[in-house]
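*Asks:* One structure is given below, represented as C-alpha cells, and several questions about it will come after.
The values are calculated or read from the model by the stated rules, or taken from the named source; none is laboratory data. All values reported here derive from a predicted model rather than from experimental measurement. Because the Cβ atoms are built from the backbone with ideal geometry, glycine has one as well, and the counts that use them run over all protein chains shown.
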Amino acid sequence: MARLLQVFGFLSVLFRGATLTFQSLAVGGVVFLIFVVRRAGEDSAALRQACLRWIRRSALALAAMQVSYVLANSIILRQSADMSLRDVLGANFVLAGVIGVVAAFTLVVLTVPTRSTSYSDLLIPGAAIIASSVMTSHSVARLDYRAPLVAFTALHQMATATWLGGLPYLLIAIRQAPTPEFARRLGARFSQLALVSVAVLASAGFLLSLAYVGSIKAVYGTSYGAMVATKVLLFGLLLFLGALNFQLVRRGPASSILASLKRFGEAEIGIGITVILTAASLTSLPPAADIAQDRVTGSEIFARMSPHPPRFGSPSVQELPEDAYTAQKRAFEVGSLARTLPPKRPGPNTTITGQASSFWRWGSWLSSRKRDESPGRAIGRLPSLASLHFFFSAAIRRRGRSARSDSGRRLRIPKSFSIVFLPCC
C-alpha cells in the first residue's frame, strides 16, 4: 500500500498537470477563434479550420486525461478507505470529472469542419470545462470566504487559458497568414486580449495568495509557499517576453514580425506549460495558511543549504537517512502517515554526490514535513524542473542558431545551465 500511495502521488500530479494544460489549450483556442480570428476582417477560412482542428484535438486529449484522473482517484480511494463503488461515485471529483468529459466531447461535436462561421456556442462547453476544474480546487474546500475564492479561482484559470492557451493558436495564425500585415493585425488584437488577461490573472492570483499563503514566512517555510514563489518568478519572465512581443507588434517592421513572433512565442509557450505544471503541483499540497506549526525556519534552511568543501569518503551508516520505502511502510503499519520520510539532521553536505543532490533533498525534506503528503507528491514536482530546463535550453539554442562566435563556432549552452535554475525551483 505504501508503494501504491507513492505511485498515486506521482500520477495524480501528472494527470492534473495534463488536464490543466489541455484545458487551457481547448478554452484558449475557443477564445482566440471568437475574439481574434473571427474579427480579423479578412477571409480566413483556412485559419478557422486549423483552429477548429486543434481545439478538437485538445478537447479529446482533455477528455482522456479526465477519465484517467477519475479512474486513478477512484482506485486509490477504494483501496485505501475500503469504500464501495457506489460511495466513490458520489464523490465531488467524480462529478467534476463527468462534467469535464461531457463538456470536452460537446466541444468536439461542435467543432466539426462543416459548421458555420458562428462560434459563440463554443463558450458554453468552455465555461463548463473551467467549472469542472474549479470544483476540484482548494477554493471549493474552504469553509471561509468560499464564494469569492471560487470566483477568483475561475477568473484566474480563465485568464490563464486565454493568455497561455491562446499562444499556440497565435503561432498557427501567423504561419498561415496570407500577408505580413495580416499577421501584424492578428498579433495586435491578441496583445490587447492578453493585456486584459494578464491584469485579471495577476489580480486574482494576488488575492488567492493572500488567502492561501498568508505571510512572508510561509513563502519559504512551506512547499506551497515555495511553489507560489516559483510561479511568481516564472510569471515575471513571461511578462518580460510578452512586453517584447508587444513592442514588436506595435513598432516593429511587418516583414520581420513572423520570425520574431515565432521565436518569442515558442519561448512563452514553454515557460507557460511550466507554470501550468507548477500550478498542478499546488493542488496536491495543503495551503500554507493551514500549516501554522510545522514549518521550516530560516535557520534550518540556511544550515541545510550552506555550501561545504566536498570530501572523498562515504558517510557512516548512522548519518544516512532512513530508506523512504521502509519509513513509509513502518508508518502505514502503525496507522500514521504524518511523516513518512524523517529529515536528515541539518549538517554539512560534504560528499560529492550529496553536494550535487542537495537541492533535490531540500525540496523532498521540506515537503515531507507537512502532514498527509508522501514523497511521491514531492517527486511529482520534478517534471516542472525538467520542462523548465528543456524549454529554456530549446529557446536559447533556437535563438542562437544564427549566432556564432568570432572563430566561426556555434554558441553552446553550458552544462551548468541546469544548476542555475535548480535553487529557484
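*Asks:* Mind checking whether some residue in the stretch 192-212 is touching a residue at least 40 places away in the same chain (Cβ under 8 Å) and not in a helix (DSSP H, G or I)?
*Replies:* Looking for residues that are touching a residue at least 40 places away in the same chain (Cβ under 8 Å) and not in a helix (DSSP H, G or I), one finds none in the stretch 192-212, hence no.
*Asks:* For residue 329, which of the numbered conditions (1) part of a loop (DSSP other than H, G, I, E, B); (2) at pLDDT below 75 fails to hold?
*Replies:* (1)
*Asks:* How many residues are among the aromatic types (Phe, Trp, Tyr) and in contact with a helix residue (DSSP H, G or I) (Cβ under 6 Å, 6 or more places away or on another chain) if we restrict to the stretch 129-155? Even if it seems obvious, please write down each step before you answer.
*Replies:* Our first condition is that a residue be among the aromatic types (Phe, Trp, Tyr); within the stretch 129-155, this holds for 145, 152.
Those still in the list that are in contact with a helix residue (DSSP H, G or I) (Cβ under 6 Å, 6 or more places away or on another chain) too: 152.
Total satisfying the criteria: 1.
*Asks:* Return the pair list, or none, for Cβ contacts closer than 7 Å from residues in the stretch 218-239 that are over 16 Å from residue 160 (Cβ atoms) to residues that are surrounded by fewer than 20 Cβ atoms within 10 Å (Cβ to Cβ) and hydroxyl-bearing (Ser, Thr, Tyr), at least 6 apart or on different chains.
*Replies:* From residues that are over 16 Å from residue 160 (Cβ atoms), the pairs are 221/297; 226/220.
*Asks:* Still on this model: Just checking, does the stretch 76-86 include any residue being modelled with pLDDT of 85 or more and either part of a helix (DSSP H, G or I) or of a type in the set (S, T, N, Q) (or both)? Step through it out loud before you land on a result.
*Replies:* Filtering the stretch 76-86 down to residues modelled with pLDDT of 85 or more leaves none.
Within the stretch 76-86, not a single residue is modelled with pLDDT of 85 or more and either part of a helix (DSSP H, G or I) or of a type in the set (S, T, N, Q) (or both).
*Asks:* Can you tell me which residues in the stretch 106-124 are buried (at least 16 other Cβ atoms within 10 Å of the Cβ) and not in a helix (DSSP H, G or I)? Break it down into steps so the answer makes sense when it comes.
*Replies:* So in the stretch 106-124, the residues buried (at least 16 other Cβ atoms within 10 Å of the Cβ) come out as 106-108, 110-111, 119, 122.
Once the filter is applied, which keeps residues that are buried (at least 16 other Cβ atoms within 10 Å of the Cβ) and not in a helix (DSSP H, G or I), the stretch 106-124 yields 111, 119.
*Asks:* Please state which one of 127, 161, 103, 177 is out of contact with any strand residue (DSSP E or B) (no Cβ under 8 Å at 6 or more places or on another chain), within 23 Å of residue 48 (Cβ to Cβ), buried (at least 21 other Cβ atoms within 10 Å of the Cβ) and free of Cβ contacts under 8 Å to residues at least 60 places away in the same chain.
*Replies:* Working: 127 fails: buried (at least 21 other Cβ atoms within 10 Å of the Cβ); 161 fails: free of Cβ contacts under 8 Å to residues at least 60 places away in the same chain; 177 fails: free of Cβ contacts under 8 Å to residues at least 60 places away in the same chain.
Result: 103 is the single residue among 127, 161, 103, 177 that is out of contact with any strand residue (DSSP E or B) (no Cβ under 8 Å at 6 or more places or on another chain), within 23 Å of residue 48 (Cβ to Cβ), buried (at least 21 other Cβ atoms within 10 Å of the Cβ) and free of Cβ contacts under 8 Å to residues at least 60 places away in the same chain.
*Asks:* Still on this structure: Can you pull out every residue in the stretch 183-213 that is in contact with a Phe, Trp or Tyr (Cβ under 9 Å, 6 or more places away or on another chain), more than 22 Å from residue 33 (Cβ to Cβ) and among the aromatic types (Phe, Trp, Tyr)?
*Replies:* 212
*Asks:* Quick one: which of 188, 159, 147, 154 is under 14 Å from residue 245 (Cβ atoms) and in a helix (DSSP H, G or I)?
*Replies:* Numbers: 159 fails: under 14 Å from residue 245 (Cβ atoms); 147 fails: under 14 Å from residue 245 (Cβ atoms); 154 fails: under 14 Å from residue 245 (Cβ atoms).
That would be 188, the only listed residue that is under 14 Å from residue 245 (Cβ atoms) and in a helix (DSSP H, G or I).
*Asks:* Taking the stated definitions as given, is residue 171 out of contact with any Ser or Thr (no Cβ under 6 Å at 6 or more places or on another chain), under 18 Å from residue 271 (Cβ atoms) and in contact (Cβ under 8 Å) with a residue 60 or more places away in the chain? Write out each step before concluding.
*Replies:* Working: out of contact with any Ser or Thr (no Cβ under 6 Å at 6 or more places or on another chain): yes; under 18 Å from residue 271 (Cβ atoms): yes; in contact (Cβ under 8 Å) with a residue 60 or more places away in the chain: yes.
Criteria met by residue 171.
*Asks:* Looking at the stretch 15-58 only, could you name the residues that are assigned to a helix (DSSP H, G or I) and polar (S, T, N, Q)? Can you show your working first?
*Replies:* Of the stretch 15-58, the ones assigned to a helix (DSSP H, G or I) are 15-37, 45-58.
Across the stretch 15-58, the qualifying residues are 19, 21, 23, 24, 49, 58.
*Asks:* Another question about this same structure. Name, by its number, the condition in (1) within 26 Å of the chain's Cα centre (by Cα); (2) in a helix (DSSP H, G or I); (3) within 20 Å of residue 62 (Cα to Cα) that does not hold for residue 165.
*Replies:* (2)
*Asks:* Exactly one of these conditions fails for residue 64: (1) surrounded by fewer than 19 Cβ atoms within 10 Å (Cβ to Cβ); (2) assigned to a helix (DSSP H, G or I); (3) touching a residue at least 24 places away in the same chain (Cβ under 8 Å). Give me its number.
*Replies:* (3) is the only condition that residue 64 fails.
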